Amino acid sequence: MPDDSRDAMTVLVADDDAGSLLVAKAAVEKYGHQCIVAADGETAWQLFQERRPQVVVSDLVMPGLNGFDLCRAIRASEASSYTYVVLLTSHGAQEDVLEGMRAGADDYISKPLDPFVLHTRLLAARRVTAVHHALDAARGSNERLAEFTGRVSHDLRNPLTSILGYVELGATDAESGHPEEAAEYLEIVGGSARRMLSMVEELLGYASIGGSLSRERLSLANLVQKVTQDLRLGLEDAGAVVHCEDFVFHADENQLRVALQNLI
């Protein structure tokens, strides 16, 4: 019975023997896979680069590139996808099998080709390539997660630093008998904390629905004033002053505030 079309693979068969090539092509297509053929190693290598098949079944002795060289070239060129390589060998050619495995082959089939044996190798190939695909996807997800986490921690660090700084100032002023200044600091802390909470809620919303922008009418001068208030301690230590002319426009306040915070 042919395989389910969802499991179909593209299989490249390379063999300089026309009869073997026909047998292999018929066997591959019988089980629902797409087959492309090459009568020599150079053509096989060109087709591999153009089509990137999931499986390559290659004879060892061919004009141009032999099976070993073709396998090495495939392994050297792989980036995001894995190709399952099966070599066709003569009966009892143990040295050829060992050399093929060293070149990067996954399996071998003795000639003359048995269609049933080829089918079993294709079943194994489908499982192996599926595992590699899942691993590549997981690796990419982990890299994106690490990048996202780094950006989030950076964006939250500034308001958190502001909160901690004003809490310390408020405690110092309260001990020294200046409660009015402590109250002012607490107000700033509250504002920074609310902005942090807004950022966290936005991140949770982004994660749950894939991300969206909430556009509203904004004043650039007012937005810069809020940001510089969060960063006031650092600006004062640096002796820096931020000047901004007003400009009214529509944008996502939280996203723009983070951008201005990082810019300043």
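The values are calculated or read from the model by the stated rules, or taken from the named source; none is laboratory data. These figures come from a predicted structure and were not determined experimentally. In this analysis, Cβ positions are derived from the backbone assuming ideal geometry, glycine residues included, and neighbour counts consider all displayed protein chains. For the accessible areas, the whole protein counts, side chains as well, though only heavy atoms, and no ligand, DNA or RNA atoms are used. Shrake-Rupley method; radii C 1.70, N 1.55, O 1.52, S 1.80 Å.
Figures for the structure shown
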quantity	calculated
Qualifying positions in the range 214-251 - in a helix (DSSP H, G or I), modelled with pLDDT of 80 or more and among the small types (Gly, Ala, Ser)	Ala221, Ala238
Residues of the range 106-121 that turn out to be touching a Phe, Trp or Tyr at 6+ places or on another chain (Cβ under 7 Å) and either assigned to a loop (DSSP other than H, G, I, E, B) or open to solvent by 60 Å² or more (accessible area, probe 1.4 Å) (or both), as a count	1
Hits in the range 227-251 - residues which are within 23 Å of Met196 (Cα to Cα) and open to solvent by 80 Å² or more (accessible area, probe 1.4 Å)	Glu236, Asp237, His250
Which listed residue is modelled with pLDDT under 75 and open to solvent by less than 60 Å² (accessible area, probe 1.4 Å), from Ala146, Ala182, Ala124	Ala182
Odd one out for Val167, checked against (1) modelled with pLDDT of 80 or more; (2) out of contact with any Asp or Glu (no Cβ under 8 Å at 6 or more places or on another chain)	(1)
Residue match in the range 31-47 (condition: over 19 Å from Tyr84 (Cβ atoms) and touching a residue at least 60 places away in the same chain (Cβ under 8 Å))	no
From Asn262, Asn254, residue being in contact with a helix residue (DSSP H, G or I) (Cβ under 8 Å, 6 or more places away or on another chain), more than 21 Å from Val167 (Cβ to Cβ), open to solvent by 60 Å² or more (accessible area, probe 1.4 Å) and at pLDDT below 90	Asn262
2 or more residues surrounded by fewer than 22 Cβ atoms within 10 Å (Cβ to Cβ) and not β-branched (Val, Ile, Thr): qualifying strands (runs of 3 or more DSSP E) within the range 1-105	34-38
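Condition check ((1) modelled with pLDDT of 90 or more; (2) under 22 Å from Val128 (Cα atoms)) across all residues:
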residue	(1), (2)
Thr10	yes, yes
Val23	yes, no
His33	yes, yes
Thr43	yes, no
Val61	no, no
Gly64	no, no
